């Protein structure tokens, strides 16, 4: 286990940065992708390989939540974004997933709290996220944890593939 573990109530949140913790995160990440209808990765690229590349290049920070002595039940990813006008940085919570059988045990809140604390420690000025407007469970959780909608901004995307 990585020494980047922090107890959060009855759960332990770990920042995944070793082969062992990234392998455990990979199992959850595959479940997360399947949840959204994505196929397994091509044989040429493994989930753990991709996660390792993202962590080593500082593009993602990966967190898992687990109960003592158990495999992880939840996963969160985040990354740093330059805050140009403030000449600072903010963090974005990219992915949040808890195994369906483990929901309602506080893992999602523990993971969001760990991301928030890591962002504060790193000097971030805010933590943001994007979710689907009909994802009521996620929206309820995020509101309960203090997130508020951003008024006056539109979310746009340009596919490059």
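The values are calculated or read from the model by the stated rules, or taken from the named source; none is laboratory data. Keep in mind that what you see is a predicted model, and the values were worked out from it rather than measured. Every residue, glycine among them, receives a Cβ derived from its backbone with ideal geometry; neighbour counts consider all protein chains shown.
Values as computed for the structure displayed
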| read-out | value |
| --- | --- |
| Within region 50-59, tally of residues that are surrounded by fewer than 20 Cβ atoms within 10 Å (Cβ to Cβ) and in contact with a helix residue (DSSP H, G or I) (Cβ under 9 Å, 6 or more places away or on another chain) | 2 |
| Residues (under 16 Å from residue 150 (Cα atoms) and under 16 Å from the mean Cα position of the chain (by Cα)) located in region 86-137 | 90, 91, 92, 93, 126, 127, 128, 129, 130, 131, 132 |
| Hits in region 32-43 - residues which are surrounded by 14 or more Cβ atoms within 10 Å (Cβ to Cβ) and touching a helix residue (DSSP H, G or I) at 6+ places or on another chain (Cβ under 9 Å) | 33, 41 |
| Residues located in region 1-26, provided they are in a loop (DSSP other than H, G, I, E, B) and either within 19 Å of residue 79 (Cα to Cα) or modelled with pLDDT of 90 or more (or both) | 4, 16, 17, 18 |
| The one condition in (1) touching a residue at least 24 places away in the same chain (Cβ under 8 Å); (2) surrounded by fewer than 11 Cβ atoms within 10 Å (Cβ to Cβ); (3) within 22 Å of residue 18 (Cβ to Cβ) that residue 69 fails to fulfil | (1) |
| Any chance residue 85 is on the phi < 0 side of the Ramachandran plot and in contact with a helix residue (DSSP H, G or I) (Cβ under 7 Å, 6 or more places away or on another chain) | no |
| Per-region count, region 129-161, residues touching a helix residue (DSSP H, G or I) at 6+ places or on another chain (Cβ under 6 Å), touching a residue at least 12 places away in the same chain (Cβ under 8 Å) and in a loop (DSSP other than H, G, I, E, B) | 1 |
| Residue in region 109-122 that is without any contact (Cβ under 8 Å) to a residue 40 or more places away in the chain, surrounded by 14 or more Cβ atoms within 10 Å (Cβ to Cβ) and under 17 Å from residue 22 (Cα atoms) present | no |
